[in-house]
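Input: a single structure, listed below in structure tokens.
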Amino acid sequence: MAKKHRELEEKFLVGNAGEIAAARSERTAERAERWLGSLNGKQQSIINDWSENRVGQIRIWLEGRRTWQKALLDALQSRNEPGFEVASRVYE
């Protein structure tokens, strides 16, 4: 998980804010084109504007991902401790 996290940071956080926004815009446009076909100028502009307004979102997403992974690892490390099975039933 740590290796994958580093790879995601390298992929999504390389460059300055403008470069990151441009890469995000490009990825989003590619996805939109798969669903909608070729984008017109207005659609591309909407994607660009949206991307520029998402500054910091990747960091927030990665931090949330890291938090969930830590919680999973903590749970796995305590799975043999007394009471683990009872505590895990709360989430069923």
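Of the residues that make up the stretch 47-61, is at least one free of Cβ contacts under 8 Å to residues at least 12 places away in the same chain, in a loop (DSSP other than H, G, I, E, B) and not β-branched (Val, Ile, Thr)?
yes
Going through 18, 37 one at a time, which residue ends up being at positive phi and without any contact (Cβ under 8 Å) to a residue 12 or more places away in the chain?
Just one listed residue meets the conditions, 37.
Any residue at all in the stretch 48-71 that's of a type outside the set (S, T, N, Q), touching a Leu at 6+ places or on another chain (Cβ under 7 Å) and modelled with pLDDT of 90 or more?
Yes, the stretch 48-71 contains at least one residue that is of a type outside the set (S, T, N, Q), touching a Leu at 6+ places or on another chain (Cβ under 7 Å) and modelled with pLDDT of 90 or more.
Within the stretch 73-80, can one find any residue that is surrounded by 11 or more Cβ atoms within 10 Å (Cβ to Cβ), out of contact with any strand residue (DSSP E or B) (no Cβ under 9 Å at 6 or more places or on another chain), not hydrophobic (A, V, I, L, M, F, W, C) and not in a loop (DSSP other than H, G, I, E, B)?
No, there is no match, as no residue in the stretch 73-80 is surrounded by 11 or more Cβ atoms within 10 Å (Cβ to Cβ), out of contact with any strand residue (DSSP E or B) (no Cβ under 9 Å at 6 or more places or on another chain), not hydrophobic (A, V, I, L, M, F, W, C) and not in a loop (DSSP other than H, G, I, E, B).
Can you tell me which residues in the stretch 1-19 are part of a helix (DSSP H, G or I) and under 27 Å from residue 71 (Cβ atoms)?
Taking the stretch 1-19 as the starting set, the residues that turn out to be part of a helix (DSSP H, G or I) are 2-12, 17-19.
2, 3, 4, 5, 6, 7, 8, 9, 10, 11, 12, listed by residue number.
Only one residue in 19, 30 is farther than 18 Å from residue 60 by Cβ and modelled with pLDDT of 90 or more, so which one is that?
Selected residue: 30, the only one of 19, 30 that is farther than 18 Å from residue 60 by Cβ and modelled with pLDDT of 90 or more.
Show the residue pairs that are 6+ apart or on different chains and have beta-carbon atoms under 7 Å apart, the first residue being within the stretch 65-92 and more than 24 Å from residue 4 (Cα to Cα), the second being surrounded by 10 or more Cβ atoms within 10 Å (Cβ to Cβ) and at pLDDT below 90.
Final answer for the pair search is 84/78.
Looking at the stretch 1-37, which of its residues are surrounded by fewer than 12 Cβ atoms within 10 Å (Cβ to Cβ) and polar (S, T, N, Q)?
Selection gives 16 alone.
The values are calculated or read from the model by the stated rules, or taken from the named source; none is laboratory data. Given the structure is predicted, the values throughout are model-derived calculations rather than measurements. Quick reminder, even Gly has a Cβ in these numbers, built from the backbone with ideal geometry, and neighbours come from all protein chains shown.
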